[in-house]
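Report on one structure; see the data block that follows.
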Amino acid sequence: MNRCKYNILKLKNGLKVLVYPQSHVNSISVSAAVRAGHISENPEENGIAHLLEHTLFDGTQEFPTYQDLTDFFDKMAGGYSGSTSLETINLFGTFVDEEMQNAFYTLEQILFHPLISEKDVAREKDVLMNELSEYEDSPDYLHFLETKKLRFKGKTILSMPPGGTSESVREINSNQIKAFHQKYFQPGNINIVIAGRCNTRDVERVVQKTFQSKENKKVAHKEFSYKQFSDKAIKILARRSKKAYIRITFPSLSWKHPSIERVALNYLCTLFSNHRASLLYSKLREKLGWIYDIGTDHYVGFDIGALEIITSTPPEKSLLVTEEILKAIKHVRTHIFDIKRIKQLVEIDRKNMKMSLDTTEDIVNWFQGEMIYRYPKIMLPKDFIEVYNEIDAKLVQKVARDVFDWKRLNICVLQQLSPIKRAQFRSRINGLIDKYSEE
């Protein structure tokens, strides 16, 4: 893999821009990430981050309408799109290299000068409420929301849906959105990454001209603690549904944990269920045929992280599937994984990492993650492979024992049950936990 050569520019107002030149392409990709996602919201304004992201494109100081902005993008043969994650609002676009100055010009308009008119907010609220209403009719989505409430103590933003609810979005007004924008869209709270046919000198000149005059106000971010996670808890949701939905969650690792442990957690998830030959997939899908799919996912945040095991099954199999998952948890806590399988996964990751800087889109995605979570230290894919190569079976088991903590286990099951059967179901799950937590 060729050595990556990048430069990081930091303006006096705190705005950071990472530049990765590539002379063999004729395009540039630009990514901007604002640390202002779902967990920056207040509970009474749940959904405001996503709503703001939508309104950013409805008109700016220099492009008063959505159509004005769209027409300008059409002339550039490019344009920005947006997304909202748990921790960031993101803008991303790819342009022909000769439009670099206009790419930064329109980015500055979207980031710092959105109009956020009452009319546009009303329209975007209707769009989001329609989208959320569709989700809220789904048993799977209801199950997801109830799992969040179970996982975290009390009424905090952590226990609420990332995009809000149709009711919470309905109550948000344009003044609240403007206040949220003014609070978080500060130069020192924004990272920009550009990759493609550009050079650092030209980028610095354009960035200085476009962004240097912006004044910065310091942003105070919320801090989260593992004390906000609930202890062992079980919730049985009796709802009309053709399937049973099962979610099992644990507190997990954050960016404050060592990189090698977070990489070992990735392997644990893959070995546990995220591969056709994994412990649970091979048993529950290939051998028994009780499920269609199963996944183990983990969220790694600045302060805290969470891991969840998700599957669905016919209602008559739900207790059996839950038991197999609990049995597998005990297995990974007490049995060391096959080192040969871990080496195979390392080789797969090495190949994927080798391709991770093949396109400008891949590059900005990689470096944006590094800027958000690891700056001022930036790790390249080839350096990350060195971390992967240090993983062994004992470390994966150590992470399994740390993360799969029976005292912090949450189980949430949604299926059609009568009140009497629901009590019996809960009792049987408690019995299974007692059985497999004895080591």
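Within the stretch 321-342, being loosely packed, with under 14 Cβ neighbours inside 10 Å and assigned to a helix (DSSP H, G or I) holds for T334, I339, K340.
Could you tell me how many of the residues in the stretch 133-147 are among the polar types (S, T, N, Q) and not in a helix (DSSP H, G or I)? Lay out the reasoning, then the answer.
Filtering the stretch 133-147 for residues among the polar types (S, T, N, Q) gives 133, 138, 147.
Subsequent filtering for residues that are not in a helix (DSSP H, G or I) retains 138.
Count: 1.
The C-beta contact set for the stretch 383-401 (first residue in the same structural domain as F367 (by TED's automatic domain parsing), second residue among the aromatic types (F, W, Y) and not in a helix (DSSP H, G or I), distance under 6 angstrom, 6+ apart or interchain) comprises A393/F337; V396/F337.
Among the residues making up the stretch 92-115, those that are outside any helix (DSSP H, G or I) and either closer than 13 Å to A49 by Cα or not aliphatic (A, V, I, L, M) (or both) are F92, G93, T94, F95, H113, P114. Selection of the stretch 248-268 for residues being within 18 Å of the chain's Cα centre (by Cα) and either outside the structural domain of R422 (by TED's automatic domain parsing) or within 20 Å of K148 (Cα to Cα) (or both) yields T249, F250, P251, S252, L253, S254. Considering the stretch 221-317, the qualifying strands (runs of 3 or more DSSP E), each wholly inside and each with 2 or more residues that are surrounded by fewer than 17 Cβ atoms within 10 Å (Cβ to Cβ) and not hydrophobic (A, V, I, L, M, F, W, C), run over 294-300. Residues satisfying the criterion are absent from the stretch 412-435 (criterion: among the polar types (S, T, N, Q), buried (at least 17 other Cβ atoms within 10 Å of the Cβ), in contact (Cβ under 8 Å) with a residue 24 or more places away in the chain and assigned to a helix (DSSP H, G or I)).
For beta carbons closer than 7 Å, sequence separation of 6+ or different chains, a first residue in the stretch 173-192 that is in contact (Cβ under 8 Å) with a residue 12 or more places away in the chain and a second that is assigned to a helix (DSSP H, G or I) and of a type in the set (S, T, Y), the qualifying pairs are I177/T55; Y184/S40. For the stretch 144-202, filtered to residues that are of a type in the set (S, T, Y) and more than 30 Å from I236 (Cβ to Cβ), the residue that is nearest to the chain's Cα centre (by Cα) is Y184.
In the set K394, K377, K382, which member is outside any helix (DSSP H, G or I) and out of contact with any strand residue (DSSP E or B) (no Cβ under 9 Å at 6 or more places or on another chain)? Step by step, each of K394, K377, K382 is checked, and only K377 is outside any helix (DSSP H, G or I) and out of contact with any strand residue (DSSP E or B) (no Cβ under 9 Å at 6 or more places or on another chain).
So that you can scan it fast, the table gives a plain yes or no per residue for (1) touching a residue at least 40 places away in the same chain (Cβ under 8 Å); (2) assigned to a helix (DSSP H, G or I); (3) outside the structural domain of T165 (by TED's automatic domain parsing); (4) touching a Lys or Arg at 6+ places or on another chain (Cβ under 7 Å):
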position: E53; (1), (2), (3), (4): no, yes, no, no
position: F57; (1), (2), (3), (4): yes, no, no, no
position: D71; (1), (2), (3), (4): no, yes, no, no
position: S81; (1), (2), (3), (4): no, no, no, no
position: V127; (1), (2), (3), (4): yes, yes, no, no
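The lone criterion from (1) surrounded by fewer than 22 Cβ atoms within 10 Å (Cβ to Cβ); (2) in contact with a strand residue (DSSP E or B) (Cβ under 9 Å, 6 or more places away or on another chain); (3) closer than 23 Å to S23 by Cα left unmet by A103 is number (1).
Scanning the stretch 148-170 for residues that are in contact (Cβ under 8 Å) with a residue 40 or more places away in the chain, more than 16 Å from L307 (Cα to Cα), part of a helix (DSSP H, G or I) and charged (D, E, K, R) turns up just one, R170.
The values are calculated or read from the model by the stated rules, or taken from the named source; none is laboratory data. Note that the coordinates shown come from a computational prediction; the quantities given were computed from them, not determined experimentally. Neighbour counts are summed over all protein chains in view; Cβ atoms, including those assigned to glycine, are modelled from backbone coordinates with ideal geometry.
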